[in-house]
Amino acid sequence: MMKEYDQDCIFCKIAKSEIPSKIVYQNEFVTAFEDLSPVTPIHILIIPNGHYHDLNDCGENEASLLGHILLAAAKIAKDQGISDSGYRVVVNDGPDAGQTVFHLHFHLLGGRPMNFRSQ
Ligand code: 5GP
Ligand code: ZN
């Protein structure tokens, strides 16, 4: 269930600039900022401005929002100069995927070759 704001959520605070982060893009739907512990030379997190726990928290009403997140990923990839070299967009959802922050976020990864099968 979407909440405007969860007072215990670090990514809600980042979206509202209540704690510092390197924001690279923001619009009425999403905020994108550099990951604190990057695993690739370009590692940006893209989040909905409202608080969703994870993908399971999304339904038909979020179809457009989820589209905006992917469109933002493509735009940011272009801004970051990795459109042509390539990039990966990843959602870690739940324990097996190793989700650690429970505000839905998409990782935008690029700047070096990645081996999908070794994940
Ligand atoms: P997850 O493992 O949940 O898919 O990804 C969470 C990501 O959030 C991790 O890559 C982690 O480095 C990043 N992260 C956690 N806390 C912060 C923070 O306070 N600021 C920023 N910029 N990234 C964070
Ligand atoms: Zn949140």
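Every number in this text was worked out from the coordinates using simple rules, so none of it is lab data. Computed from a predicted model, the values in this text were never measured in an experiment. Using ideal geometry, Cβ is built from the backbone for each residue, glycine included, and neighbour counts are taken over all protein chains shown.
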Handout entry: ³J(HN,Hα) computed for each position of region 71-87 - Karplus, 6.51 cos²θ - 1.76 cosθ + 1.60, integer Hz, glycine/proline x
Key = 5, 5, 4, 5, 5, 5, 4, 5, 4, 8, x, 10, 4, 7, 6, x, 7
Problem - Exposed trypsin sites (Lys or Arg not before Pro) absent - longest run of the chain, DSSP non-H/G/I/E/B, at most 16 other C-beta within 10 Å - result: 23-119
Problem - 5 angstrom amide H check on Val30, placed H, neighbours 5+ away - result: Asn49
Problem - Estimated FRET transfer efficiency (Val101, Glu60; beta-carbon r; R0 30 Å; 0.05) - result: 0.75
Fill in the blank from the handout: Measuring from its Cα centre, the chain shows a charge dipole (+1 at each Lys and Arg Cβ, -1 at each Asp and Glu Cβ) which, in debye to the nearest 20, is 500 debye
Problem - In order through region 22-38: 3J(HN,Hα) via Karplus (6.51 cos²θ - 1.76 cosθ + 1.60), integer Hz, x for Gly, Pro - result: 8, 6, 9, 6, 8, 9, 5, 9, 9, 10, 10, 8, 5, 5, 5, 10, x
Exercise for the section: Before rounding to the nearest 500, sum -39500 (n - 2.57) across all DSSP H runs of length at least 4 in the chain and divide by the residue total; then give [θ] at 222 nm in deg cm²/dmol. Expected result: -6000 deg cm²/dmol
Fill in the blank from the handout: With the dipole of region 10-110 defined by +1 on each Lys or Arg Cβ and -1 on each Asp or Glu Cβ, the option from Leu104, His43, Leu55 whose Cα lies farthest towards the positive pole is His43
Practice task
Find me the longest stretch of the chain that has none of the exposed GluC sites (Glu not before Pro), where exposed means in a DSSP loop (not H, G, I, E or B) with at most 16 other Cβ atoms within 10 Å.
Solution key: 29-119
